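Laboratory data are not the source of any read-out in this text; all were calculated from the coordinates shown. Computed from a predicted model, the values in this text were never measured in an experiment. Because the Cβ atoms are built from the backbone with ideal geometry, glycine has one as well, and the counts that use them run over all protein chains shown.
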């Protein structure tokens, strides 16, 4: 993996490019989430057509079902799921802490129960790397502990130190086996800028090809998330991609790009699509609302996605009310297009040195139309 | 609507073409079922890509939700659902008799409760035509009573006579308003070849542009269905399309084409796809079976559909077990392709005057491989 930083806007927004064996990812980039080896409802061709250039898959889910060895037997997740573009896998840590019904964390690793069948599993830093290698992603993530908010400060300190030790073990595990793959480190430290700095110093010392901010959007106020991100991003190496994990809303993406973030992932566009919440350039709409019953207009008349080109709000509402599978797919196409088009627009604005203007216009459109 | 009969094979199989304002339908034709204004999980582009040339939509469902007037306001179902090819709507009669929790039939029409909310509705022959006109299909169906099996013979006689009177009323209703649309009559009469002949005589007297056999596949043995169809088809006018409603399996389609049928519809390929039952040239497979867990081969190695070109049985099983929406779509694409490719092969065989050979080969493949 190689990272090229083409340009930095006066605001701090960065324009770059990640090159992997499976293709190029222009940054800032948003990664659709393909939890179980599929972005729900879409084919890889659909993903390409909405502008996805990299997909995130969840190690935890794929490890438990259908199993990492099975996928390795198919030559890896790319071939198994028929997505031949860049792939990033998370470490499984976040899901162990958010999905598993019980877990017990120790120095060696974390023991947890599967949310599928209650069976017990043991995940170590080395194991997380081995599973991700079996999946064959282009970018792997270190196993970390995602601390909750609020959290006991003494626990946070110990956890952050362990996350550092685990990062080292992940790095050593990969180094011993596969030097072609890129392993990103994850900065933890809760909302403590001091612990975050401590964690960054330790990780940068180890020299990773990319750095992520984890443990954000875990219940803290949005201002605090932005504050922590603003404090952390400038401390990361300029020449490495910066990935803010699990965030966020369109507004978050615009704010964080302005702070110099390069990569994002979030289930928001896809999950909300399935719940009938659709993003537009003028704010959000809830498709099941009766006002859309006979609206002969697209979700967003400024949008040129497949859904907006061919279907009315009335038809989409009908599909949603009738619980038709096609509703999930058409809504997902629109929401992902909205997010990925937003990223394209931001990249264009940074390239032209007018990101601040873009950001002002983005917020203005929202205020004028619905105060969102 | 125009019908051209190009060729009749020595077996009785017919090669033809239906021309509508929205395009041409080569016959014998299989119509995928788009109950609620969508063939579950597929876009119209998907439908084209699997080879669909006409789609059936259900009047009963669309009348109750989102409503015929709403769809009329969008210029009809073609534009509402973004399918610009030929469309056929049924009369709603079959669903009233199979889905409505209560119903009461009289000379004037049928009163029934909606399966959605229990609300009461009254459907008359005139109303069925008006609703179908609002939907704007290319081919409309007369309101009939679909009699059960077995049935009291005296009731069957009276019902068949009423179906004849209703057909006349449907015809008069359409004549008074819209002469461009084609209204097909439905032959009823249960398993009585005498009543069927009586019904055919009455309908042919009225001169419809097409004739359907209804009331089949309602629980009778398959041999009886074939017997009744074999008795009825030759009595229908040679120069009009012959539509056998609600049937059937691949074997049924091959048998009925051999008896001279031109059109079919059935939920079998789409519904079974969603239940994980997939059709192959060598018989059926159940994708959730554990034998498919790590099978690195397509559903059918003789198939060239999108699903078979890109996905393994193992991946499809994984999606199915994980209840991923994409499972329904990929399975539906395959099953519909299988049915529509079967129709194409039959048309090619009839054109070449070798339908008997095709049929023998079709059954031979099944016997050799799994006795299905």
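Tabulated data for the structure shown
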{"item": "For the stretch A:2-266: rounded, prolate or oblate by the Cα gyration tensor [a/c cutoff 1.5]", "result": "rounded"}
{"item": "Label distances, nm, residue A:19 versus same residue in remaining copies, Cβ-directed 7 Å point", "result": "5.8"}
{"item": "Whether the stretch B:97-136 is rounded, prolate or oblate, judged on the alpha carbon gyration tensor where a/c under 1.5 counts as rounded", "result": "oblate"}
{"item": "Förster-model FRET efficiency, 22 Å R0, residue A:239 and residue A:21, C-beta, rounded to 0.05", "result": "0.65"}
{"item": "Highest-MSF residue in chain A out of A:223, A:173, A:251 [GNM, Cα springs under 10 Å]", "result": "A:223"}
{"item": "Top of A:231, A:57, A:261 by mean-square fluctuation, Gaussian network on chain A, Cα under 10 Å", "result": "A:231"}
{"item": "7 Å along Cα→Cβ, label-point gaps from residue A:115 to other copies, nm, shortest first", "result": "3.3"}
{"item": "Angle between chain A longest axis and helix A:355-370 axis [Cα atoms, degrees, rounded to 10]", "result": "50 degrees"}
{"item": "Peptide A:321-330, shielding by other chains (average Cβ, 10 Å cutoff)", "result": "6"}
{"item": "Alpha carbon centroid spacing (whole Å) that separates the stretch A:283-332 from the stretch A:98-119", "result": "39 Å"}
{"item": "Shape category assigned to the protein assembly as shown from the gyration tensor of Cα positions, a/c cut at 1.5", "result": "prolate"}
{"item": "Gaussian network model of chain A, springs between alpha carbon atoms under 10 Å - residue of A:357, A:40, A:288 with greatest fluctuation", "result": "A:357"}
{"item": "Peptide ranges B:98-107, A:135-144 listed from the most packed, as the mean C-beta count within 10 angstrom indicates", "result": "A:135-144, B:98-107"}
{"item": "Identity and axial distance of the chain B residue whose Cβ lies nearest the axis relating B to A, Å", "result": "B:325, 3"}
{"item": "Chain B: angle of helix B:153-175 to the longest principal axis, Cα-based, in degrees nearest 10", "result": "80 degrees"}
{"item": "Nearest 10 degrees, 0 to 90: helix A:125-135 Cα axis against chain A principal axis", "result": "50 degrees"}
{"item": "Sum of -39500 (n - 2.57) over DSSP H runs of 4+, divided by residues of chain A (222 nm, nearest 500)", "result": "-13000 deg cm²/dmol"}
{"item": "Shortest-first distances to equivalent copies, position residue B:345, nm, label 7 Å out along Cβ", "result": "5.1"}
